[in-house]
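As structure tokens, the structure follows; a few thoughts come after it.
The values are calculated or read from the model by the stated rules, or taken from the named source; none is laboratory data. Because the structure is predicted, anything quoted here is derived from the model rather than measured. Methodologically, a virtual Cβ is constructed for each residue, glycine included, from the backbone with ideal geometry; neighbour enumeration extends over all protein chains shown.
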Amino acid sequence: MFRKYIPFIIFIMIVGFSLSAASEKKEKFSFVVAKDVVNKLRSNFKSLNSYVADFEIKSTDGKKTSVRRGKIQFRKPDKVHLAFSYPEAQVVIANGEKVWIYLPYMKLLGEQSLKKSDKDGFFRDATPVGLDRLFSLYHYSFQKGDQPKTLNLNGQTASFYVLDLKQKVITSGFRSMEVWVDAQHRVRRVVAENASGKSVTMTFQNIETGKDLDDSLFVFDKKQYKIKSVVQDPLVQP
């Protein structure tokens, strides 16, 4: 139950907002090949210190579809605050030393202390080295057809470059991803599919970067929540 959120958190960190370090000023599409987009992502991520954004995660598994919405706040290198607003106010907070996961419908709090080896596993991908590793595991190219593409995002029509990423070797995780990039070098949508055919669509808006995020955001305040039980170390088995 707890572990399934971690890939989403790390993926949002390194892909969903890495390109968002670009300024908000009007820009023209200037990418020539897919590698230009990837190089821009890498250079922006190295200079990105913090970001805040709203997100929507839509999961489709056969005929079953679920939607989650919320806000992410991230401060480099390993601090993240995920606050879900729909359908329930779930919370995931990590500060490099500990991870908290709160499930309101159960009034349950999971507290995970991170050893050095655990930190490497949870936050390895939220680094420039981890980003390079991601692109070493996937073939990437522009999607077939003219680029940029005119697409509908949240009821509005706009132009996007669309990247296709495919796993070089089929393993666990996402076997393919479709990434929409706008003229401000911001990733606005990611459509990912795993080996079993489950599809996950992540859409981002109200993106802000370079904000001063206080340390208190990355510590779970038990006084603010109704908690019946606490589970210690639910994420990593001894």
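Listed here are the residues, each with its yes/no results for (1) in contact (Cβ under 8 Å) with a residue 60 or more places away in the chain; (2) surrounded by 13 or more Cβ atoms within 10 Å (Cβ to Cβ); (3) on the phi > 0 side of the Ramachandran plot.
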residue	(1), (2), (3)
TYR138	no, yes, no
LYS144	no, no, no
THR150	no, no, no
LEU163	yes, yes, no
SER172	no, no, no
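Cβ-Cβ contacts under 7 Å between residues 6 or more apart (or on different chains), taken from a first residue in the range 226-238 that is surrounded by 10 or more Cβ atoms within 10 Å (Cβ to Cβ) to a second residue that is at pLDDT 65 or above and of a type in the set (Gly, Ala, Ser), are listed as VAL231/GLY110; ASP233/SER113; PRO234/GLY110.
None of LEU82, LEU108 is hydrophobic (A, V, I, L, M, F, W, C), at pLDDT 85 or above and either touching a His at 6+ places or on another chain (Cβ under 7 Å) or more than 22 Å from LEU41 (Cβ to Cβ) (or both) except LEU108. Filter the range 85-105 down to the residues that are modelled with pLDDT under 90 and over 14 Å from ARG68 (Cβ atoms), then identify the one that is surrounded by the most Cβ atoms within 10 Å (Cβ to Cβ). My answer is VAL99.
For ASP212, the criteria (1) surrounded by 14 or more Cβ atoms within 10 Å (Cβ to Cβ); (2) part of a loop (DSSP other than H, G, I, E, B) hold in every case but one, which is (1).
Kindly indicate whether any position in the range 14-21 is more than 21 Å from THR201 (Cβ to Cβ), at pLDDT below 50 and not hydroxyl-bearing (Ser, Thr, Tyr). Yes, there is a match, as at least one residue in the range 14-21 is more than 21 Å from THR201 (Cβ to Cβ), at pLDDT below 50 and not hydroxyl-bearing (Ser, Thr, Tyr).
Of all residues in the range 159-172 being closer than 13 Å to VAL187 by Cα and hydrophobic (A, V, I, L, M, F, W, C), which is farthest from the chain's Cα centre (by Cα)? Within the range 159-172, the match that is farthest from the chain's Cα centre (by Cα) is PHE160.
Set side by side, the residues LYS64, LYS46, LYS58, LYS4 differ, and just one is surrounded by fewer than 18 Cβ atoms within 10 Å (Cβ to Cβ) and at pLDDT below 70, which is LYS4. For the range 43-54, the condition holds for at least one residue, the condition being that it is under 17 Å from MET202 (Cα atoms), out of contact with any His (no Cβ under 6 Å at 6 or more places or on another chain) and of a type in the set (Asp, Glu).
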